[in-house]
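Each remark here refers to the structure printed beneath this line.
Only the coordinates and a few stated rules stand behind these numbers; no lab work does. Every value quoted in this text rests on a predicted model; they were computed, and no experiment measured them. As a convention, Cβ positions derive from the backbone with ideal geometry for all residues, glycine included, and neighbour counts pool all protein chains shown.
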Amino acid sequence: MTKEQFVLDLEKIGAIKFGSFTLKSGLTSPFYFDLRDMISFPFILEGIADLLVERIKDMEFDVLTGIPYTALPIASLVASKMQKPLVYMRKEEKAYGTGNNVIGKFVKGAKCLVIDDLITTGASKIETAEKYEKEGIVIKDFVVVIDRSLNGTEELAKDGYKLHSLITLDEIVQLLKSNNLITDEKVREVEEFTASLNKPKTEKVKYINPLTQKLLDKMKEKKSNLVLSLDVTTQKEFFNMLDKVGDEIVMLKTHVDIIDDYDEEFVPKLQEYAKRQNFLIFEDRKFADIGNTVRHQFRSGVYKISDWAEYVTVHMVAGELILKGLFEGLENRAGFVLARMSSKGNLLNETYTRKCFEAAKKNPQWVAGFIGHGNSVEDIKRFKAKFPGSELLMMPGVKKEKGSDAMGQQYITIEEAVGGGADCIIVGRGILKADDPSKEAKLYRERAWKAYKERV
Ligand code: 5BU
């Protein structure tokens, strides 16, 4: 089948439509492609598979996949014709980091070629690649049947992927025109429409939260991006440890509710240390309830956290109004939103992470940063690239060596964390359990600061 025949066939079965269509984005488009029915016409399916085989026969790959739903049957046929192994990803998303989402046999590190029917912006292709990469499959190339994007090639290239297409929107329009299947006026409309589309906005929000700035300033002043997670259960241990390591840290992270002998002297003493040793205070309370309840949990009760902790952690599971519940009417308080967690099998998936970014974008005055983690430098880079603005990436689950504990904590190294984009590393047992915590804190601080300086 020739490309021309293919386009004419698509037109015949109604897969290419010209008229006036409202897109998901709200824009009105003079054309619309719907390739879903194509698979029900054996001669078209066969033809498209042959065209794809021709296009990819010289490319290097170990396995082949198609993105469900439309491209999967196409990829099956191509795989069969080329005698290449087929794999595919479940469409229902399992939780972040749980693995086993790929169906089919492959060896870790296999190079996979991805087939899809259309490309519009490239965003969903990148998401697909990330999911495969988490499963140990390497993706470099995408082949699409129709490229109707404005700058899909550039968008994919930014993340290191190459886009190949069988046919572009321009070619389709020209072929239809030369076959008198659309009027000159329609051609003009399509051209005007594509020209009028602005490039997708990838620009970051300019606003900087004052508490983001405050932490950045403190990091610079103290030449440290080390946050100590002081997870001990008595005041004695707590302040003894601060005596040893307080000078090395930019911020102290507390779990105030694990202190057995908490009393009203704790907070004033903590504040006195914070002043003398020049660090900020972050209570890792992880608020997660409805707005009205978290307001009380933050401002009342035994601990009255809002009186002394400038930063707290916030789960977005109850919806973004939790931010209003926590911070409305308070000066100089902001949250770190938990966009990803470090623990094995946690249920935060990519959709959830994206929702966290959207919530932060709408409420920048209440979000100083995100808590996040990743399994490689590349993974963290891509995660951070999606932050809406200049929020900081705070990363727990960091140690000198990769590893895990018996209760689900997963560790990556200082250099991986900071190299990937962590602005601050959050370290607990790596320092607390060391023979010489003071020496260890110095070492963490030096390594993390060096990696930070190299990155920024
Ligand atoms: P560790 O001893 O370095 O494993 O302590 C890590 C700290 O960070 C601990 O206080 C956790 O409650 C906290 N933490 C985490 O480890 N992982 C996460 O995803 C989040 C917080 Br959110």
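Overview of results
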item	result
Whole-Å distance, taken between Cα centres, linking segment 20-77 and segment 401-456	46 Å
Mean projected area (nm²) of the alpha-carbon convex hull when segment 85-180 is viewed from all directions	7.2 nm²
Normalised contact order of the chain, rounded percent, pairs of Cα under 8 Å and 6 or more residues apart	11 percent
Ranked by how many other beta carbons lie within 10 Å on average, peptides 231-240, 64-73 from highest	64-73, 231-240
Kirkwood Rh, angstrom, segment 210-455 [1 / mean 1/r, Cα pairs]	18.0 Å
Residue-averaged 222 nm ellipticity for the chain, from DSSP H runs of 4+ at -39500 (n - 2.57), nearest 500	-12000 deg cm²/dmol
Segment 326-354 and segment 151-211: distance between their alpha carbon centers, rounded to Å	34 Å
Mean Cβ neighbour count within 10 Å, used as a protection proxy, ranking 343-350, 395-402, 412-419 highest first	412-419, 395-402, 343-350
Gyration tensor (alpha-carbon) shape descriptor, the chain, a/c threshold 1.5	prolate
Using alpha-carbon coordinates, inclination of helix 3-12 to the longest axis of the chain, degrees	90 degrees
Crossing angle, helix 42-56 versus the chain [Cα axis fit, 0-90 degrees, rounded to tens]	60 degrees
Mean separation of Cα contacts under 8 Å (6+ apart) over length of segment 210-455, as relative contact order %	20 percent
Solvent-free Debye scattering, log10 I(q)/I(0), computed from the Cα coordinates of segment 3-196 at q = 0.08 Å⁻¹	-0.28
Segment 3-196, relative contact order [Cα under 8 Å, separation at least 6], %	17 percent
Cα-Cα over 22 Å, subset of LYS3/LYS158; LYS275/LYS399; LYS17/LYS186; LYS131/LYS158; LYS236/LYS400	LYS3/LYS158; LYS275/LYS399; LYS236/LYS400
Degrees separating the helix 437-455 axis from the principal Cα axis of the chain, which is the longest one	30 degrees
Computed Rg/Rh of segment 237-335, alpha carbon atoms with Kirkwood Rh	0.99
In nm, spacing of pseudo-spin labels at LYS158 and SER80 (7 Å Cα→C-beta vector)	3.9 nm
Using θ = phi - 60° and Karplus 6.51 cos²θ - 1.76 cosθ + 1.60, couplings along segment 121-137 (whole Hz; Gly, Pro as x)	10, x, 4, 6, 5, 5, 4, 4, 4, 4, 5, 5, 5, 5, 9, x, 10
Calculated SAXS-style log₁₀ I(q)/I(0) at q = 0.21 Å⁻¹ - segment 310-456, Debye, Cα scatterers	-1.29
Using alpha carbons only: equivalent-ellipsoid semi-axes of segment 131-253, gyration tensor based, whole Å	57, 20, 10
Exceeding the 32 Å Cα-Cα cut-off - candidates LYS140/LYS177; LYS105/LYS453; LYS81/LYS162; LYS108/LYS384; LYS214/LYS304; LYS214/LYS439	LYS140/LYS177; LYS105/LYS453
